[in-house]
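Data first, discussion second: the structure below is written as structure tokens.
The values are calculated or read from the model by the stated rules, or taken from the named source; none is laboratory data. These figures come from a predicted structure and were not determined experimentally. Here the Cβ positions follow ideal geometry from the backbone for every residue, glycine too, while neighbour counts run over all protein chains shown.
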Amino acid sequence: MRDPRYISSRDNPVVKALRVLADDPRRQGQALIDGIHLVAMALARGVSVARLLVSEGGQQNAEIVALQRRAAGVDCVILRDGLFREISGVSTPTGIAAVIDIPLVPEGPIPGDAVLLDAVQDAGNVGAILRTAAAAGVRDVLLGPGCAGAWTPRVLRAGQGAHFSLAIREQVDLTASLAFCCGTSIATVARGAASLYEFDLTGPIVWLVGNEGAGLSAELIAAASACATIPLARGSESLNVAAATAVCLFEASRQRFINKPAQGGPESNLKR
């Protein structure tokens, strides 16, 4: 393991670069991940780690020491506790963070399920949707303009490591991208559409998910193969966008589970 460097000054160039990175990770091509869980996940998934950051207090934590050993050969910086807290952005950080290279996204068509996010602005919602997508076995997530940055610290914390199981594309023209998706596109809307539970979801599905307040754009709704809504109890107006996405993805998972082995050929996977 390389001998770690100790940094105590806010004016240190490394610290200044970390602040810029946290604000605009995609432009830098790198992201700042914070916490034992995320760092361990990144190392386990073979994500390229450019730099390890450890607080003074973190050096006393056995899990952090073990992670340092696993990252032998990676540039390691020790930050005084107060400075680490500023960089971390959380009030009680665990004491370890890392700068990672944002994984490259494969080119070409998207053959299976995908989730397309249209101006989903809340970082917690974006992170929760990424986490749900990974848990449901969806690999491809596309974020249109106006979405919270996928690799920003708040989204990374909410994603809990899901990023490392996904192919995430940002600032995508969602309508144009439908041409590269092989699944049937379903626009999720709050009302005025067929019930989600009337659809056959056993084939590849491209889920179109809209903004927390305004919903999907009219253009995306028009471009979708079908529209679906989740039936709610009387008096309920709508679901949180992350909760609604989870209902959709796991309804598809449920249908596929009960329909194993897969029946039929490549016919249309919609029925009403």
Would you check which residues across region 170-183 are under 13 Å from Leu116 (Cβ atoms) and not in a helix (DSSP H, G or I) and list them? Glu170, Gln171, Val172, Asp173, Cys181, Gly183
If I filter region 225-242 down to residues being under 25 Å from Gly127 (Cα atoms) and out of contact with any helix residue (DSSP H, G or I) (no Cβ under 8 Å at 6 or more places or on another chain), which single residue comes out as modelled with the lowest pLDDT? Glu237
With the requirement that a residue be assigned to a strand (DSSP E or B) and either surrounded by fewer than 18 Cβ atoms within 10 Å (Cβ to Cβ) or of a type outside the set (Gly, Ala, Ser) (or both), what does region 186-206 give you? Ile186, Thr188, Ala194, Ser195, Ile205, Val206
Pull up region 229-257, narrow it to residues that are within 19 Å of Gly112 (Cα to Cα) and aliphatic (A, V, I, L, M), then point me to the one that is farthest from the chain's Cα centre (by Cα). Ala252
Find all pairs meeting these conditions: Cβ atoms under 6 angstrom apart; at least six residues apart or on different chains; first residue within region 1-28 and under 17 Å from Cys76 (Cα atoms); second residue among the small types (Gly, Ala, Ser). Met1/Ala72
Would you pick out the residues in region 52-77 that are more than 26 Å from the chain's Cα centre (by Cα) and surrounded by 18 or more Cβ atoms within 10 Å (Cβ to Cβ)? Ser55, Gly58, Cys76, Val77
Scan of region 63-89 for residues that are small (Gly, Ala, Ser) and in a loop (DSSP other than H, G, I, E, B), ordered by number: Ala71, Ala72, Gly73, Gly89
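Rundown of residues vs (1) in a strand (DSSP E or B); (2) under 27 Å from the mean Cα position of the chain (by Cα); (3) assigned by TED's automatic domain parsing to the domain that holds Pro93, yes/no style:
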position: Arg10; (1), (2), (3): no, no, yes
position: Val14; (1), (2), (3): no, yes, yes
position: Leu21; (1), (2), (3): no, yes, yes
position: Leu32; (1), (2), (3): yes, yes, yes
position: Leu38; (1), (2), (3): no, yes, yes
position: Ala42; (1), (2), (3): no, yes, yes
position: Gly46; (1), (2), (3): no, yes, yes
position: Ala50; (1), (2), (3): yes, yes, yes
What are the residues in region 90-104 that are surrounded by fewer than 15 Cβ atoms within 10 Å (Cβ to Cβ) and in a loop (DSSP other than H, G, I, E, B), if any? Val90, Ser91, Thr92, Leu104
Taking region 207-240 only, how many residues are assigned to a helix (DSSP H, G or I) and in contact (Cβ under 8 Å) with a residue 24 or more places away in the chain? 4
Identify, by number, the condition in (1) under 15 Å from the mean Cα position of the chain (by Cα); (2) under 25 Å from Arg45 (Cβ atoms); (3) at pLDDT 95 or above that Pro153 doesn't meet. (3)
